[in-house]
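Heads up, the thing below is written out as C-alpha cells.
The values are calculated or read from the model by the stated rules, or taken from the named source; none is laboratory data. Keep in mind the model is a prediction, meaning the values are calculated, not measured. Cβ atoms come from the backbone with ideal geometry, glycine included; neighbour counts cover every protein chain shown. Ligands, DNA and RNA are stripped out before the accessible areas are found, and what is left, the full protein with its side chains, is counted by its heavy atoms. Shrake-Rupley method; radii C 1.70, N 1.55, O 1.52, S 1.80 Å.
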Amino acid sequence: MTKIARQALSAVAVAACAMGVSAPANAVFVARICNDLQCLGGDDVIVQDNSGGDSIGMTGAISFATSAFGYTLEVNTSQSKPVIGSATAPQLDLSFVVTGSGAGNVFLYASDTDFLSGGQFTLTLGGTNSGGSGSVQGRAWGGTSNTEFQFSGANLLSSVGPFTTASFSATASNVFAPAASPYSLTIGTTVSRTTAGTSTGNLNLQVSAIPEPSTWATVLMGAALVGFVARRRRRR
C-alpha cells in the first residue's frame with residue numbers, strides 16, 4: 001500500500017478512535033468500486049458498513065482496498081452519519097487513491113439512506129493527478145427515494161469536473177427539496193488514466209438548512225447596526 005493510502009486510512013482511524021463507539025444507525029451505508037458508471041459489470045466490489053470487507057470497525061465509516069479494472073491499487077474510504085453529519089444535517093465523504101500502470105477507468109461510490117432534511121447543498125472535490133495523465137470527475141445524486149445507490153439524470157444534484165491538471169479543487173452548490181422522506185444520497189467519482197500514475201482526492205457532499213426569512217432579517221439588521229456604529233466612530 002502506498003504512503004498516500006496509509007495516510008488516508010490512518011486519518012479515518014484516528015477520527016474513529018476520538019469519537020468512540022456509536023450506536024448503530026438505522027440506515028444502509030454502502031461503498032463501491034466499479035468498472036462502469038452504473039455498476040452493471042457484475043464484478044464490482046461492494047462493501048457494506050461493518051461487513052467483513054470493511055477495515056474500520058465502527059458505524060458510519062467504511063474503508064477497503066483492491067486491485068482490479070487495470071489498476072494496481074484502489075482505496076475507497078467513505079464516511080457518513082454518525083461519524084459526520086446526521087439524518088437532519090446530511091453529509092457524505094469519499095477519499096480515494098487510484099494507482100495504475102497504464103490506461104483504465106474506475107468508478108468509486110458511497111451511498112447512505114434515511115436522510116430527512118433538504119436545503120442548501122455543497123459538493124466539493126479536490127485532489128491530485130501524477131504521471132502526466134489523469135481525469136477526475138465528481139457527482140452527487142439523491143432525494144427521490146430511500147434506496148441506496150439509486151441515481152440517474154433525473155436525481156443528479158450536481159457534477160464537478162472532469163479535471164486533468166496536476167492538482168485541482170472545485171465547489172458547486174444549489175438548493176434542493178427532496179421528493180421523498182426519508183431519502184438516500186449517493187456521491188461518486190470517476191477516475192480515468194491513459195498513463196501510469198496515481199490520482200488521489202476527496203469528494204464531499206454537505207446539506208444544510210436554509211435560514212427562515214425571520215432569521216435572515218435578524219442577520220441583515222445586525223449587519224446594518226454594525227455598519228451604522230462604525231460610520232459614527234469614523235465621524236468622531
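Taking only pairs six or more apart or across chains, which ones have beta-carbon atoms under 6 Å, a first residue in region 106-134 that is touching a residue at least 24 places away in the same chain (Cβ under 8 Å) and assigned to a loop (DSSP other than H, G, I, E, B), and a second residue that is crowded, with 17+ Cβ neighbours inside 10 Å and among the charged types (D, E, K, R)?
Going by the 6 Å Cβ cut-off, the qualifying pairs are SER133/ARG193; GLY134/ARG193.
One line per residue, one yes/no per condition, for (1) at pLDDT below 80; (2) among the hydroxyl-bearing types (Ser, Thr, Tyr); (3) touching a Lys or Arg at 6+ places or on another chain (Cβ under 6 Å); (4) under 21 Å from ARG139 (Cβ atoms):
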| site | (1), (2), (3), (4) |
| --- | --- |
| LEU9 | yes, no, no, no |
| VAL12 | yes, no, no, no |
| CYS34 | no, no, no, yes |
| GLY41 | no, no, no, yes |
| ILE46 | no, no, yes, yes |
| SER51 | no, yes, no, no |
| ILE56 | no, no, no, no |
| THR59 | no, yes, no, no |
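I'm trying to understand the selection: among the residues of region 138-170, which are open to solvent by 30 Å² or more (accessible area, probe 1.4 Å) and among the hydroxyl-bearing types (Ser, Thr, Tyr)?
The answer is THR144, THR147, SER152, SER159, THR164, THR165, SER167, SER169.
If I ask for residues that are small (Gly, Ala, Ser) and open to solvent by 40 Å² or more (accessible area, probe 1.4 Å), which ones from region 171-186 would you list?
SER173, ALA177, ALA179, SER181
Within region 46-67, track down each residue that is surrounded by fewer than 20 Cβ atoms within 10 Å (Cβ to Cβ) and among the hydrophobic types (A, V, I, L, M, F, W, C).
ILE46, ALA65
Hey, among GLY41, GLY70, GLY85, which residue is farther than 30 Å from GLY132 by Cβ and open to solvent by 20 Å² or more (accessible area, probe 1.4 Å)?
GLY85
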